[in-house]
Amino acid sequence: MASSASGESPRRHEKRVVVIGGGVAGSLVAKSLQSFADVVLIDPKEYFEIPWASLRAMVEPSVAERSVVDHGEYFASGQIVCSAAADIRDGEVSTADGSRLPFDYLVIATGHKDLVPKSRSERLIQYKAEYDKIKSSNSILIVGGGPTGVELAGEISVDFPDKKVMLVHRGSRLLEFIGPKASQKTLDWLTSRRVEVILEQSVDLTSVSDGTYQTSAGETLKADCHFLCTGKPIGSSWLRETILKDSLDTRGRLMVDEQLRVKGHKNVFAIGDITDIPEIKQGYLAQQHAEVTVKNLKLLMTGGRESKMATYRPGSAIALVSLGRKEAVAQFPLITVIGCLPGMIKSGDLFVGKTRKQLGLNP
């Protein structure tokens, strides 16, 4: 594995790029630049995880073997600092473990906050525990009807058709980030798989006793276990004390220009979910942010003109939500489709092979 100590001298004559966040976007930048620059990857966990495979890994833990990858596997030529970023001052990032890392260029890709274990082996144990929890339960409550809740309900209802699955969502429809037609088709699909969907209600998870849950409308639900699938906060709260505090919008997102540079800072880029780009926050778009940023950093590091920098255009509203192993709901700009056809695009391998290939690994 690449070194994780701080304060080592950078490779001479090479520009130093610090990447904060080892998710979908940050890992791709680190991998793509490791032979062009002296790259440091800062991430509190020791691995990269393919997020769109995580719900399948809960019903089939072996999926996690391919979708959870130690950073050192694809990023062998750089430095890995396994800690959380704590502060940014002019030309330097400091981390929670006390490392101080100078940079010529900085890329922030901290996405959404997620509480996951530090090591790959602990993460794999966690997936096995979640699988055991599902397998040993007769009734399962899912709280949240966004893409995570819907995909988990789909995975469980297809792999374990005998289990009673209930999904409670506070919104008036499922998948509110896409159009009403896709929401309705998804609701019909889940209902046809005997998933009980309760809309416009929330669940108080603080007062659960003996598998009895209370909804905001006073309904009582019985379940052997539950999974919380509501939205996670953006991973930007730590930036409020840094030199980038004035570059955050009211929602805590970093404001970027067309070249994905943080407004007011020529040598700082932000990519992925943390940006204020007006588009659905999705992994494949975060990868496109990474590709544009890599192009721009290579240009700047080789003395190219700023006027030649690549620009990023917001993605159109394409969304693909898996429904079990063979089906999916897809929203394209002019049409919404549900069933095996969109399922062929995503649901079989969940793009795991393609993502591994992008990182230079065996599919």
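The values are calculated or read from the model by the stated rules, or taken from the named source; none is laboratory data. In this text, all values refer to a predicted model and were calculated from it rather than measured experimentally. Note that we place each Cβ from the backbone using ideal geometry, even for glycine, and neighbour counts take in every protein chain shown. Heavy atoms of the whole protein, side chains included, go into the accessibility calculation; ligands, DNA and RNA do not. Shrake-Rupley method; radii C 1.70, N 1.55, O 1.52, S 1.80 Å.
Against the condition surrounded by fewer than 22 Cβ atoms within 10 Å (Cβ to Cβ) and not in a helix (DSSP H, G or I), how does ARG251 come out, does it pass? Give the derivation first.
Working: surrounded by fewer than 22 Cβ atoms within 10 Å (Cβ to Cβ): yes; not in a helix (DSSP H, G or I): yes.
Judged against the criteria, ARG251 is a match.
Give me the residue from the stretch 140-168 that is open to solvent by 20 Å² or more (accessible area, probe 1.4 Å) and out of contact with any Phe, Trp or Tyr (no Cβ under 8 Å at 6 or more places or on another chain) and, out of that set, nearest to ALA330 (Cα to Cα). Step by step, filter the stretch 140-168, then rank; the result is THR148.
Which of the following residues is in contact (Cβ under 8 Å) with a residue 24 or more places away in the chain, closer than 21 Å to GLY154 by Cβ, outside any helix (DSSP H, G or I) and open to solvent by 40 Å² or more (accessible area, probe 1.4 Å): ILE338, ILE280, ILE345? Explain how you work it out, then say what you get.
Details: ILE280 fails: open to solvent by 40 Å² or more (accessible area, probe 1.4 Å); ILE345 fails: outside any helix (DSSP H, G or I).
Only one candidate passes the filter, namely ILE338.
Name every residue in the stretch 151-169 that is part of a helix (DSSP H, G or I) and without any contact (Cβ under 8 Å) to a residue 60 or more places away in the chain, in order of residue number. Of everything in the stretch 151-169, just one residue is part of a helix (DSSP H, G or I) and without any contact (Cβ under 8 Å) to a residue 60 or more places away in the chain, namely ALA153.
Report yes if GLU258 is closer than 30 Å to ILE88 by Cβ, part of a loop (DSSP other than H, G, I, E, B) and of a type in the set (Asp, Glu), otherwise no. Here the answer is yes, as GLU258 does meet what is asked. The C-beta contact set for the stretch 227-244 (first residue closer than 30 Å to GLY211 by Cβ and open to solvent by 20 Å² or more (accessible area, probe 1.4 Å), second residue assigned to a loop (DSSP other than H, G, I, E, B) and acidic (Asp, Glu), distance under 8 angstrom, 6+ apart or interchain) comprises LYS232/ASP114. When the stretch 15-74 is filtered for residues that are open to solvent by 10 Å² or more (accessible area, probe 1.4 Å) and of a type in the set (S, T, N, Q), the ones remaining, listed by number, are SER32, GLN34, SER35, SER54, SER62. Of all the criteria given as (1) of a type outside the set (Gly, Ala, Ser); (2) in a loop (DSSP other than H, G, I, E, B); (3) in contact with a strand residue (DSSP E or B) (Cβ under 7 Å, 6 or more places away or on another chain), the one not satisfied by LEU297 is (2). Which ones in the stretch 169-192 are under 18 Å from LEU141 (Cβ atoms), under 23 Å from the mean Cα position of the chain (by Cα) and either open to solvent by less than 70 Å² (accessible area, probe 1.4 Å) or aliphatic (A, V, I, L, M) (or both)? Within the stretch 169-192, HIS169, GLY171, LEU174 qualify. The condition (being closer than 23 Å to ASP224 by Cα and surrounded by fewer than 23 Cβ atoms within 10 Å (Cβ to Cβ)) is satisfied by just one residue among LYS135, LYS118: LYS135.
Looking at the stretch 188-235, the strands (runs of 3 or more DSSP E) lying wholly inside it that each contain 1 or more residues that are touching a helix residue (DSSP H, G or I) at 6+ places or on another chain (Cβ under 8 Å) and modelled with pLDDT of 95 or more sit at 195-199, 225-228.
Whenever a residue of the stretch 177-200 is in contact (Cβ under 8 Å) with a residue 24 or more places away in the chain and farther than 17 Å from ARG325 by Cα, its partners that are charged (D, E, K, R) and open to solvent by 80 Å² or more (accessible area, probe 1.4 Å), lying with C-beta atoms within less than 7 angstrom and at least six residues away or across chains, give the pairs GLU200/ARG170.
Taking the stretch 22-141 as the region of interest, the helices (runs of 4 or more DSSP H) fully inside it that hold 3 or more residues being over 16 Å from the mean Cα position of the chain (by Cα) are 24-33, 62-67, 71-74, 120-136. Apart from one condition, PRO363 fits all of (1) touching a helix residue (DSSP H, G or I) at 6+ places or on another chain (Cβ under 9 Å); (2) outside any loop (DSSP other than H, G, I, E, B); the exception is (2). The single condition among (1) open to solvent by 50 Å² or more (accessible area, probe 1.4 Å); (2) over 21 Å from GLU155 (Cα atoms); (3) not in a loop (DSSP other than H, G, I, E, B) that ARG356 does not satisfy is (1).
Taking the numbered list (1) assigned to a strand (DSSP E or B); (2) among the β-branched types (Val, Ile, Thr); (3) at pLDDT below 95 in turn, VAL329 passes all entries but (3).
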